[in-house]
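Visitor: Could you have a look at this structure, given as structure tokens, before my questions?
The values are calculated or read from the model by the stated rules, or taken from the named source; none is laboratory data. All values derive from a computational prediction rather than experimental measurement. Cβ sites come from the backbone with ideal geometry, for glycine too, and all protein chains shown count toward neighbours.
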Amino acid sequence: MRLKDLGERRVLNDIIFKYLDREENILGIDEDAVAYKLPDGQFLVVNVDTFVKSTDAPPLMTFYYMGVKTVIMTLSDLMAKGAIPKYFLLSASLPSDLKVEDLEQILSGVKDTCYKFNVKFSGGDLGSAPDVILTGIGIGYARRLLNRSSAEPGDYVWVTGYFGLTGAALHYLLKQGRVLNKKVLNKIIDYFLNPPICLNDGLAVSSVAKAAMDSSDGLAITLWTIAKQSKVKIVIEKLPLTREVIKYALWNNLDPRDLVFYGGEEFEIVFTSSLPEEEIINNFKKLGARIPIRIGVVEEGSGVFFNGKLLENKGWEHLTT
């Protein structure tokens, strides 16, 4: 049997998790970060994420944006746990024939993105590999931890931004999609290369949320994960999509719902809260965050539903090819 016969989730659940030390990790093992309680009452939160050029870099993605993406994918998981990122380290395994200028571009992307999040780029490791492999280590601190298992019936489901634009961008880049408007093309490509998440989004979520999760593997699988770990049912009432997603889907004979639910790579935070809508929006405004979008409700039961039908539980999964 090969790893591809199991897929990422089964490799984690059936093999890797049994080797992990669980005792001091406050978040538990089935999260995207680990957290440890400090003597002053705060929590140290750490996340590791890896970018591989051959599988994660679509055509037209420059080395600069590979550096950008490595930082964003690492820090977004910290913010979804309620942490303020403070330090970033980079392990870079690179082909020996990579141009020096390309390495400089990767590091520029890392440095610029760390600066955007007020994070210190503090060091890392350098090694040799046949592909460009960038592993980010993010370190942050939280006073209140968020996890995936605290959603309760009566909560509303919120997202920090729109979905489907990155799905459209990946379709365009990987499958030579049709675009009839340059502004639409620029919007979807920019959204993919420069996800609009910011530190204030994470701060705002941590002030109002019960359960939260980064959405980089896709909205559908994120909702399913929260529903399963919280032992609740989630009913989606509104799609968080833009006109550009609808237009792109029309031009390419796609269902815009597929781009929204299964596109992936958005790095938005999906969260639940029982607070009144006005209070949530006011908290986001007060903290200078983007205004979140309410998309559904948490009920008793199990599964994720949209338009009265069970939503397919799928998204990005490593080791399946």
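Visitor: What residue, of 125, 97, 112, is charged (D, E, K, R) and either crowded, with 18+ Cβ neighbours inside 10 Å or under 16 Å from residue 61 (Cβ atoms) (or both)? Can you show your working first?
Guide: Details: 125 fails: either crowded, with 18+ Cβ neighbours inside 10 Å or under 16 Å from residue 61 (Cβ atoms) (or both); 97 fails: either crowded, with 18+ Cβ neighbours inside 10 Å or under 16 Å from residue 61 (Cβ atoms) (or both).
The unique qualifying residue is 112.
Visitor: Follow-up. May I ask you to list the residues in the range 128-149 that are over 15 Å from residue 51 (Cβ atoms) and surrounded by 13 or more Cβ atoms within 10 Å (Cβ to Cβ)? Please lay out each step first, then the result.
Guide: As a first pass, look at the range 128-149 and keep what is over 15 Å from residue 51 (Cβ atoms): 128, 130, 139-149.
Answer for the range 128-149, where residues must be over 15 Å from residue 51 (Cβ atoms) and surrounded by 13 or more Cβ atoms within 10 Å (Cβ to Cβ): 139, 140, 141, 142, 145, 146, 147, 148, 149.
Visitor: Now for a separate question. Could you look through the range 190-203, keep only residues that are over 14 Å from the mean Cα position of the chain (by Cα) and either surrounded by fewer than 17 Cβ atoms within 10 Å (Cβ to Cβ) or at pLDDT 95 or above (or both), and pick out the one that is farthest from residue 82 (Cα to Cα)? Spell out the reasoning first.
Guide: The first filter runs over the range 190-203 and keeps only residues over 14 Å from the mean Cα position of the chain (by Cα), leaving 190, 200, 203.
If we keep only those that are either surrounded by fewer than 17 Cβ atoms within 10 Å (Cβ to Cβ) or at pLDDT 95 or above (or both) as well, we get 190, 200.
Numbers: 190: 27, 200: 11 Å.
Once the filter is applied, the top-ranked residue is 190.
Visitor: Does residue 169 fit the bill of being hydrophobic (A, V, I, L, M, F, W, C), outside the structural domain of residue 72 (by TED's automatic domain parsing), farther than 28 Å from residue 55 by Cα and out of contact with any Gly (no Cβ under 7 Å at 6 or more places or on another chain)? Before the answer, list the steps.
Guide: Numbers: hydrophobic (A, V, I, L, M, F, W, C): yes; outside the structural domain of residue 72 (by TED's automatic domain parsing): yes; farther than 28 Å from residue 55 by Cα: no; out of contact with any Gly (no Cβ under 7 Å at 6 or more places or on another chain): yes.
Here the answer is no, as residue 169 does not meet what is asked.
Visitor: Pick from 189, 137, 133: which is in contact with a strand residue (DSSP E or B) (Cβ under 7 Å, 6 or more places away or on another chain) and more than 25 Å from residue 229 (Cβ to Cβ)?
Guide: Numbers: 189 fails: in contact with a strand residue (DSSP E or B) (Cβ under 7 Å, 6 or more places away or on another chain); 137 fails: more than 25 Å from residue 229 (Cβ to Cβ).
Exactly one of 189, 137, 133 is in contact with a strand residue (DSSP E or B) (Cβ under 7 Å, 6 or more places away or on another chain) and more than 25 Å from residue 229 (Cβ to Cβ), namely 133.
A quick yes/no check of all residues on (1) modelled with pLDDT under 95; (2) surrounded by fewer than 21 Cβ atoms within 10 Å (Cβ to Cβ):
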{"site": "219", "(1), (2)": "no, no"}
{"site": "238", "(1), (2)": "no, yes"}
{"site": "273", "(1), (2)": "no, no"}
{"site": "284", "(1), (2)": "no, no"}
{"site": "292", "(1), (2)": "no, no"}
{"site": "303", "(1), (2)": "no, yes"}
{"site": "306", "(1), (2)": "no, no"}
{"site": "310", "(1), (2)": "no, yes"}
{"site": "319", "(1), (2)": "yes, yes"}
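Visitor: Could you check the range 1-120 for strands (runs of 3 or more DSSP E) lying wholly inside it with 3 or more residues that are modelled with pLDDT of 95 or more, in the same structural domain as residue 265 (by TED's automatic domain parsing) and aliphatic (A, V, I, L, M)? Quick ask: steps written out before the conclusion?
Guide: Working: elements: 34-37, 43-52, 84-94.
Counting at least 3 such residues, we get no strands (runs of 3 or more DSSP E) at all.
Visitor: Hey, another quick one. Just checking, does the range 228-235 include any residue being under 16 Å from residue 146 (Cα atoms), surrounded by 19 or more Cβ atoms within 10 Å (Cβ to Cβ), touching a residue at least 40 places away in the same chain (Cβ under 8 Å) and in contact with a strand residue (DSSP E or B) (Cβ under 9 Å, 6 or more places away or on another chain)?
Guide: Looking for residues that are under 16 Å from residue 146 (Cα atoms), surrounded by 19 or more Cβ atoms within 10 Å (Cβ to Cβ), touching a residue at least 40 places away in the same chain (Cβ under 8 Å) and in contact with a strand residue (DSSP E or B) (Cβ under 9 Å, 6 or more places away or on another chain), one finds at least one in the range 228-235, hence yes.
Visitor: Across the range 150-183, what is the number of residues that are touching a helix residue (DSSP H, G or I) at 6+ places or on another chain (Cβ under 6 Å) and surrounded by fewer than 18 Cβ atoms within 10 Å (Cβ to Cβ)?
Guide: Of the range 150-183, the ones touching a helix residue (DSSP H, G or I) at 6+ places or on another chain (Cβ under 6 Å) are 151, 160, 163-169, 177-180.
Narrowing further to those that are surrounded by fewer than 18 Cβ atoms within 10 Å (Cβ to Cβ): 178, 180.
Qualifying residue count, the range 150-183: 2.
Let's see how each residue does on (1) closer than 18 Å to residue 312 by Cβ; (2) not aliphatic (A, V, I, L, M):
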{"site": "209", "(1), (2)": "no, no"}
{"site": "215", "(1), (2)": "yes, yes"}
{"site": "218", "(1), (2)": "yes, yes"}
{"site": "233", "(1), (2)": "yes, yes"}
{"site": "272", "(1), (2)": "no, yes"}
{"site": "275", "(1), (2)": "no, no"}
{"site": "283", "(1), (2)": "no, yes"}
{"site": "289", "(1), (2)": "no, no"}
